[in-house]
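J.: Before we start, here is the structure in question, set down as structure tokens.
The values are calculated or read from the model by the stated rules, or taken from the named source; none is laboratory data. Every value quoted in this text rests on a predicted model; they were computed, and no experiment measured them. FYI the Cβ positions are ideal-geometry reconstructions off the backbone, even for glycines, and counts take in every protein chain you see.
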């Protein structure tokens, strides 16, 4: 079992890199999640992994540790009501605001990609319904490991059964051995890249809809405020941030929070 | 209370499903094959049916085709629960009138998710 000093060190290094807050109560889970990394790096235990990370001059091991502790709990169409709202309200409203221009949607902290692919499937269904939506979907996560899995679009039988209606499974996926692969059109509809929410998202451009769901609770209040402020800079006028079920946001200049979404209601000072 | 008929020739699967579904506030009836299930439905149509594919006497797919011809047989929401995981089999089940489809092995989270997708949340 990891001792207090090791847990404190891991918590400090992870918070510096990803902003996530780890608590002492998570000690057992932290050790379990780091075991595969310890094995991959040739160490006999997580203790050895931490000891090596402490003395290595570069921060490669700490980056890997942060990566392996990245939040990866996600599912297709998580919080069904949020996706119904996207389909019937938020995406059509963004399309109407943009006229004939393409709208931009950002799945921030996308983990293994289920959220972004859920949006892509919705856009495809709108297209099949004759709405001809022009949309660009960008999906990011700070973890290169998770982004690689997302980009591959390969999911286990367990993963495709969590939240994904069977008709969508057979419409958009094919069997690949024991796994299920989402079709090339869905994969081509999304630009996956790494991005750390601790950094300003300026390079990603501005978005009409940002999905920032089940991310903020892993941060402390100061980090939540800083993340919201940076995210707000990436929001187009009248754009919306969709939060996770039951989540609220700290006060943020230019944003009004109501009923699970934050709406950009005013211009923000230059970042 | 809503009623769910659990149809599977495995007593263990029926027991596992029963525990999860009772937690979801379903009253459970069990059948070990399609014919038993059909007889149970003729006595009283359930609100939901959790249905295995491969069973002795009458398979799940044959039961479902028959059920949908019965008076009131269009009412129950049917969720397949099977090891069959080929796209062709899934399409066949949907064509026969299944509302959702769950591939074994499953856990409580998946069963709840599938029932929610079938409108049984």
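J.: Conditions first: (1) within 12 Å of chain A (Cβ to nearest Cβ); (2) under 26 Å from residue A:79 (Cα atoms); (3) crowded, with 21+ Cβ neighbours inside 10 Å; (4) under 12 Å from the mean Cα position of the chain (by Cα). Residue B:118 passes all but one, so which condition is the exception?
T.: Checking residue B:118 against (1) within 12 Å of chain A (Cβ to nearest Cβ); (2) under 26 Å from residue A:79 (Cα atoms); (3) crowded, with 21+ Cβ neighbours inside 10 Å; (4) under 12 Å from the mean Cα position of the chain (by Cα), the one that fails is (3).
J.: Follow-up question, since we're still on this one. Let me confirm something: among A:162, A:224, which residue is crowded, with 17+ Cβ neighbours inside 10 Å, within 14 Å of chain B (Cβ to nearest Cβ), touching a helix residue (DSSP H, G or I) at 6+ places or on another chain (Cβ under 7 Å) and farther than 20 Å from residue A:123 by Cβ?
T.: Answer to the selection: A:162.
J.: Here is a list of conditions, (1) touching a helix residue (DSSP H, G or I) at 6+ places or on another chain (Cβ under 7 Å); (2) over 30 Å from residue A:217 (Cβ atoms); (3) not in a strand (DSSP E or B), and residue A:132 meets all of them except one; can you say which number that is?
T.: (1)
J.: When the residues of the stretch A:165-188 are narrowed to those that are buried (at least 19 other Cβ atoms within 10 Å of the Cβ) and not in a strand (DSSP E or B), which ends up farthest from the other protein chains (Cβ to nearest Cβ)?
T.: Looking only at the stretch A:165-188, we keep the residues that are buried (at least 19 other Cβ atoms within 10 Å of the Cβ), and these are A:165-166, A:168-169, A:172-173, A:180, A:182, A:186.
Retained after the next criterion (residues that are not in a strand (DSSP E or B)): A:165-166, A:168-169, A:172, A:186.
Numbers: A:165: 5, A:166: 4, A:168: 9, A:169: 7, A:172: 11, A:186: 16 Å.
If we take residues in the stretch A:165-188 being buried (at least 19 other Cβ atoms within 10 Å of the Cβ) and not in a strand (DSSP E or B), then A:186 is farthest from the other protein chains (Cβ to nearest Cβ).
J.: If we scan the stretch A:168-190, do we find a residue that is assigned by TED's automatic domain parsing to the domain that holds residue A:97, at pLDDT 95 or above, out of contact with any helix residue (DSSP H, G or I) (no Cβ under 7 Å at 6 or more places or on another chain) and more than 30 Å from residue B:85 (Cα to Cα)?
T.: no
J.: Let me ask another. Could you list, in sequence order, all residues of the stretch A:34-79 that are within 30 Å of residue A:133 (Cβ to Cβ) and either touching a helix residue (DSSP H, G or I) at 6+ places or on another chain (Cβ under 7 Å) or loosely packed, with under 15 Cβ neighbours inside 10 Å (or both)?
T.: A:71, A:72, A:73, A:74, A:75, A:76, A:77, A:78
J.: Just to check your reading of the model, which residue among A:231, A:241 is in a helix (DSSP H, G or I), under 14 Å from the mean Cα position of the chain (by Cα) and under 22 Å from residue A:19 (Cα atoms)?
T.: Exactly one of A:231, A:241 is in a helix (DSSP H, G or I), under 14 Å from the mean Cα position of the chain (by Cα) and under 22 Å from residue A:19 (Cα atoms), namely A:231.
J.: For the stretch A:60-87, which residues satisfy the criterion of being under 14 Å from the mean Cα position of the chain (by Cα) and in a helix (DSSP H, G or I)?
T.: The answer is A:67, and nothing else.
J.: Related question: Any residue that is within 25 Å of residue A:139 (Cα to Cα), touching a residue at least 24 places away in the same chain (Cβ under 8 Å), within 14 Å of chain B (Cβ to nearest Cβ) and surrounded by 14 or more Cβ atoms within 10 Å (Cβ to Cβ) - is there at least one of those in the stretch A:83-99?
T.: Within the stretch A:83-99 (the criterion being within 25 Å of residue A:139 (Cα to Cα), touching a residue at least 24 places away in the same chain (Cβ under 8 Å), within 14 Å of chain B (Cβ to nearest Cβ) and surrounded by 14 or more Cβ atoms within 10 Å (Cβ to Cβ)), the answer is yes, since at least one residue qualifies.
J.: From the list A:118, A:107, which residue is within 14 Å of chain B (Cβ to nearest Cβ) and within 19 Å of residue A:78 (Cα to Cα)?
T.: When all the criteria are applied, what remains is A:118.
J.: Next question, about the same structure. Of all residues in the stretch A:122-159, count the ones that are within 14 Å of chain B (Cβ to nearest Cβ) and surrounded by 21 or more Cβ atoms within 10 Å (Cβ to Cβ).
T.: 1
J.: Within the stretch A:88-119, can you find the residues that are touching a helix residue (DSSP H, G or I) at 6+ places or on another chain (Cβ under 7 Å) and in a loop (DSSP other than H, G, I, E, B)?
T.: Result: A:110, A:111, A:112, A:113.
J.: Can you tell me which condition residue B:120 does not meet? The list is (1) assigned to a loop (DSSP other than H, G, I, E, B); (2) in contact with a strand residue (DSSP E or B) (Cβ under 9 Å, 6 or more places away or on another chain); (3) more than 20 Å from residue B:1 (Cα to Cα), and all the others hold.
T.: Condition (3) is where residue B:120 drops out.
J.: Would you mind finding the one in A:48, A:25, A:31 that is closer than 17 Å to residue A:3 by Cβ, more than 22 Å from the chain's Cα centre (by Cα) and touching a residue at least 24 places away in the same chain (Cβ under 8 Å)?
T.: Only one candidate passes the filter, namely A:31.
J.: Given the conditions (1) surrounded by 14 or more Cβ atoms within 10 Å (Cβ to Cβ); (2) away from chain B (no Cβ under 14 Å); (3) in a helix (DSSP H, G or I), and given that residue A:197 satisfies all but one, which numbered condition is not satisfied?
T.: Single failed check for residue A:197: (3).
J.: Scan the stretch A:142-157 and give yes if some residue there is in a strand (DSSP E or B) and at pLDDT 95 or above, otherwise no. Let's see the steps before the verdict.
T.: Our first condition is that a residue be in a strand (DSSP E or B); within the stretch A:142-157, this holds for A:154-155.
Cutting the leftovers down to at pLDDT 95 or above gives us A:154-155.
Scanning the stretch A:142-157 turns up at least one residue that is in a strand (DSSP E or B) and at pLDDT 95 or above.
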